[in-house]
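K.L.:
Can you keep this structure in mind? I'll have questions shortly.
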Amino acid sequence: MFIDRVKVTLRSGRGGNGCVSFRREKSVPKGGPDGGRGGDGGNIYIESDRNLNTLAYFRFHPINKAKKGEHGKGSHRQGKKGDDLVLRVPVGTIVKEEGKEKILFDFIEPGQKYLAVRGGKGGLGNASFATPTHQAPREFKEGRPGEEAELILELKLIADVGLVGFPNVGKSTLISRISSARPVIADYPFTTLTPNLGVVDGGEFDSLVVADIPGLIEGAHKGRGLGVQFLKHVERTKILVHIVDVSPVSERDPVEDYTNVMQELEKFNPSLARRKQILAANKIDLLGKDKSRLESLEGLARRLGLPFFAISALKRSGLKELVGVMFLMLKQKNKEPSNKND
């Protein structure tokens, strides 16, 4: 089950109350106040874990609470601090406050830790109120309540290469041929309902991560089809491989398909239209003698200055060359200075 957006309620632990106590010992007839302070409540942390790839845990655990601090005790003993709660999320998760777009934290590496809500302070015991003129205080302070927050956890896949294109153009077939990923593949639109990740082996300890992004349609940036739900996963990819179906079976114009998808990317996030891109014409095994659809798309790639490949993911034709250029472009991209807007 792939869950990429959840709402969670977090409640840190309440601090323990301070203690009212007086020293009582046989040999000490005038024992003074010795009430200790309460323990602090537990904090709640969110930590990124490389072994997770979904937020499904929070679907069944929307409310999470940390432990309370123990009350103070006599003999100046402080109450035990409440245990902290650490919630683990996949790398790529962003934390937002409910109802606001401001990002509170962005987990881009494994092992990052964010203090989401802080536990309440423990109250003071009566020993803290003793003075030379007030030697038998009975005052104490209750522990302070912990913090509470309603947060949105949103997962954006982190991949080197993102496969984009209309539904049923062969993205799932391609990722299944170049990696060990095994997505559901069928001959109807929107077969892929969740993004798939695959690791492509480049040999000599070299590899890259490819994300198969569910098909986009016109109006996706407004939520049509799978819309914004999966457009956001394209944002973190370094390179886009635009897959276009050039077979006559689709009954669509390949150039128009490319233009429509690029417009959706532009409207959702203008920087996506400037991302390094490869254009791949898929299903060439179904072309027959008429190559006009392939030639029109190749001409577009030439005018735009894009690397172009004619492939058949099903027949594994042209995939070796395509993957080779993926690795080459990724190495070039990694050498470039980072740009937050691209």
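The values are calculated or read from the model by the stated rules, or taken from the named source; none is laboratory data. This one's a predicted model, so the numbers in the text were calculated from it and none came from an experiment. Every residue, glycine as well, gets a Cβ built from its backbone with ideal geometry; the counts of neighbours run over all protein chains shown.
K.L.:
When only residues in segment 71-105 that are at pLDDT below 90 and of a type in the set (D, E, K, R) count, which is nearest to F58 (Cα to Cα)?
P.N.:
Filtering segment 71-105 for residues that are at pLDDT below 90 and of a type in the set (D, E, K, R), the one nearest to F58 (Cα to Cα) comes out as E98.
K.L.:
Among the residues of segment 156-180, which ones are among the basic types (K, R) and either part of a helix (DSSP H, G or I) or surrounded by 24 or more Cβ atoms within 10 Å (Cβ to Cβ) (or both)?
P.N.:
Listed by number, the residues that qualify are K171, R177.
K.L.:
Residues being in contact with a helix residue (DSSP H, G or I) (Cβ under 6 Å, 6 or more places away or on another chain) and not in a loop (DSSP other than H, G, I, E, B): count how many of those fall in segment 28-43.
P.N.:
Residues flagged as in contact with a helix residue (DSSP H, G or I) (Cβ under 6 Å, 6 or more places away or on another chain) and not in a loop (DSSP other than H, G, I, E, B) within segment 28-43 amount to 1.
K.L.:
Tally up the residues in segment 107-133 that are free of Cβ contacts under 8 Å to residues at least 40 places away in the same chain and either on the phi > 0 side of the Ramachandran plot or in contact with a strand residue (DSSP E or B) (Cβ under 7 Å, 6 or more places away or on another chain) (or both), please.
P.N.:
Number satisfying all stated conditions: 0.
K.L.:
Among the residues of segment 306-342, which ones are within 16 Å of R274 (Cβ to Cβ) and at pLDDT below 95?
P.N.:
M329, Q332, K333, E336, P337, S338, N339, K340, N341, D342
K.L.:
Here are some conditions: (1) touching a helix residue (DSSP H, G or I) at 6+ places or on another chain (Cβ under 6 Å); (2) among the β-branched types (V, I, T); (3) buried (at least 24 other Cβ atoms within 10 Å of the Cβ). V6 meets all but one. Which one does it not meet?
P.N.:
For V6, the failing item is (3).
K.L.:
Another question, if that's okay. Which strands (runs of 3 or more DSSP E) sit wholly inside segment 44-111 and have at least 2 residues that are crowded, with 19+ Cβ neighbours inside 10 Å?
P.N.:
Counting at least 2 such residues, we get 44-49, 85-90, 93-97.
K.L.:
A further question on this structure: Answer yes or no as to whether E148 is surrounded by 19 or more Cβ atoms within 10 Å (Cβ to Cβ) and at pLDDT 95 or above.
P.N.:
no
K.L.:
Count, please, the residues in segment 46-87 that happen to be of a type in the set (D, E, K, R), more than 30 Å from G125 (Cα to Cα) and in contact with a Phe, Trp or Tyr (Cβ under 8 Å, 6 or more places away or on another chain).
P.N.:
1
K.L.:
Could you tell me whether L124 is hydrophobic (A, V, I, L, M, F, W, C) and assigned to a loop (DSSP other than H, G, I, E, B)?
P.N.:
So L124 passes the test.
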